[in-house]
Amino acid sequence: MLRRLVREPLVHFLAAGGLLFAIYTLSPHVKATAPSDRTITVDEAALRNFLQYRSKAFETEYFTSELNAMTPEQRKELADQYVEEEMLYREAKALGLEQGDYVIRQRLVQKMRFLMDDLVDTGQAPTDAVLIDYLQRNKERYLVEPATTFTHVFADASARGDAAARAHAGQLKDQLNAKHAHFSDAPRYGDRFPFLQNYVERTSDYIASQFGDEFVAALKQITPSETMWVGPIKSMYGYHVVLVTAKADGRLPALGEIRQQVLEDWAIDRSARARAQAMKQLAKQYTVDRTGVRP
């Protein structure tokens with residue numbers, strides 16, 4: 001009987017708990033004290049808050065309805081879970097277990113940040129005038145870069161040699177212009193290029209990543225046309241005959257095009273400014289001694 005009792009996990013748990021309590025009680029660094037309040041009140045507010053914290057979502061109306069929809073058995077089970085957690089929480093605090101625990105420290109700091117955000121959040125949606133002003137003051141975030149639409153026919157320098165590739169590209173240009181070839185005709189001519197053949201509304205950076213800066217510089221000098229092929233233009237891989245059909249200037253989109261993005265950015269920036277102001281006010285209540293830190 002005694003042997004079986006010793007093997008019981010519950011006995012081990014209780015013994016370990018008693019030992020832990022004794023260690024913290026006798027330790028000169030930790031003073032264990034009984035919780036100041038031995039009364040645990042179980043009411044609607046306590047259970048609702050318990051549900052919210054457990055779910056990591058703070059929606060009072062939703063969890064109130066969830067609580068009201070529970071059966072008596074479910075409410076009792078929830079109350080039992082709350083009481084168990086509350087007892088363990090109070091005993092842990094009495095033992096000082098939260099002291100020196102960086103995870104707990106970070107969670108408390110995070111909770112304070114959430115509380116600060118809630119206090120500074122007015123919940124008022126900005127007007128169009130506010131968003132337009134924000135868009136103008138931060139236009140560099142939203143500028144649409146210039147873009148080019150073109151197709152090309154390629155002469156591979158690694159396969160033909162540089163001089164032969166350039167000559168072949170010249171011949172291709174004459175053929176394409178003689179036939180008044182269009183955008184869709186390009187795939188019937190030239191060598192296989194490592195990347196794309198048709199480039200629709202691509203930025204200079206994107207084009208340079210596949211052709212090189214020299215190619216991009218030449219591309220900027222070409223006037224768009226539906227049938228005028230230009231070249232040879234050199235790239236990192238050989239020579240190209242190019243048909244540029246459209247160029248779009250860089251522009252700042254209207255608010256209606258990017259309203260959601262501007263609204264989200266405005267809200268993030270407003271919260272950051274309000275949080276910084278709150279921290280500035282809070283800092284006035286503290287004296288910080290930095291004499292122990294080397295400059």
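When the residues of the stretch 249-287 are narrowed to those that are open to solvent by less than 50 Å² (accessible area, probe 1.4 Å) and in contact with a strand residue (DSSP E or B) (Cβ under 9 Å, 6 or more places away or on another chain), which ends up modelled with the highest pLDDT? Among residues in the stretch 249-287 that are open to solvent by less than 50 Å² (accessible area, probe 1.4 Å) and in contact with a strand residue (DSSP E or B) (Cβ under 9 Å, 6 or more places away or on another chain), the one modelled with the highest pLDDT is 253. Residues of the stretch 241-266 being touching a residue at least 60 places away in the same chain (Cβ under 8 Å) and either touching a Cys at 6+ places or on another chain (Cβ under 8 Å) or outside any strand (DSSP E or B) (or both), which ones? Answer for the stretch 241-266, where residues must be touching a residue at least 60 places away in the same chain (Cβ under 8 Å) and either touching a Cys at 6+ places or on another chain (Cβ under 8 Å) or outside any strand (DSSP E or B) (or both): 249, 250, 252, 253, 255, 258, 259, 261, 262, 263, 265, 266. Here residue 186 fits the description: more than 24 Å from residue 145 (Cα to Cα) and among the aliphatic types (A, V, I, L, M). Within the stretch 188-219, the set of residues being over 40 Å from the mean Cα position of the chain (by Cα) and farther than 13 Å from residue 237 by Cβ comprises 188, 189.
Screening residue 221 on (1) out of contact with any strand residue (DSSP E or B) (no Cβ under 7 Å at 6 or more places or on another chain); (2) under 23 Å from residue 251 (Cβ atoms); (3) of a type outside the set (D, E, K, R); (4) surrounded by 11 or more Cβ atoms within 10 Å (Cβ to Cβ) shows it passes everything except condition (4). Scanning the stretch 243-295 for residues that are within 30 Å of residue 187 (Cβ to Cβ) and of a type in the set (A, V, I, L, M, F, W, C) yields a count of 4.
Just checking, how many residues over the stretch 227-237 are open to solvent by 30 Å² or more (accessible area, probe 1.4 Å) and at pLDDT below 95?
Pass one, the stretch 227-237, residues open to solvent by 30 Å² or more (accessible area, probe 1.4 Å): 227-228, 230, 232, 234, 236-237.
Of the ones still in play, those that are also at pLDDT below 95 are 227, 236.
Number satisfying all stated conditions: 2.
Put simply, of 106, 52 the only residue that is surrounded by 14 or more Cβ atoms within 10 Å (Cβ to Cβ), of a type in the set (S, T, N, Q) and within 25 Å of residue 271 (Cα to Cα) is 52. The condition (being touching a residue at least 40 places away in the same chain (Cβ under 8 Å), small (Gly, Ala, Ser) and closer than 30 Å to residue 254 by Cβ) is satisfied by just one residue among 158, 204: 204. All conditions but one from (1) modelled with pLDDT of 95 or more; (2) within 24 Å of residue 205 (Cα to Cα) apply to residue 144; the one that does not is (1).
Do the conditions hold for residue 142, that is, is it surrounded by 13 or more Cβ atoms within 10 Å (Cβ to Cβ) and over 30 Å from residue 256 (Cβ atoms)?
On the way: surrounded by 13 or more Cβ atoms within 10 Å (Cβ to Cβ): yes; over 30 Å from residue 256 (Cβ atoms): no.
So residue 142 does not fit the description; no.
Table: residues versus (1) more than 36 Å from the chain's Cα centre (by Cα); (2) open to solvent by less than 50 Å² (accessible area, probe 1.4 Å); (3) modelled with pLDDT of 85 or more.
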| site | (1), (2), (3) |
| --- | --- |
| 3 | yes, no, no |
| 16 | yes, no, no |
| 44 | yes, no, yes |
| 76 | yes, no, yes |
| 97 | no, no, no |
| 110 | no, no, no |
| 114 | no, no, no |
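The values are calculated or read from the model by the stated rules, or taken from the named source; none is laboratory data. These numbers were taken from a predicted model, which means no experiment stands behind them. Please note: Cβ atoms are built from the backbone with ideal geometry, for glycine as well, and neighbour counts cover all protein chains shown. Quick note on the areas: whole protein, heavy atoms, side chains included, nothing else; ligands and nucleic acids left out. Shrake-Rupley method; radii C 1.70, N 1.55, O 1.52, S 1.80 Å.
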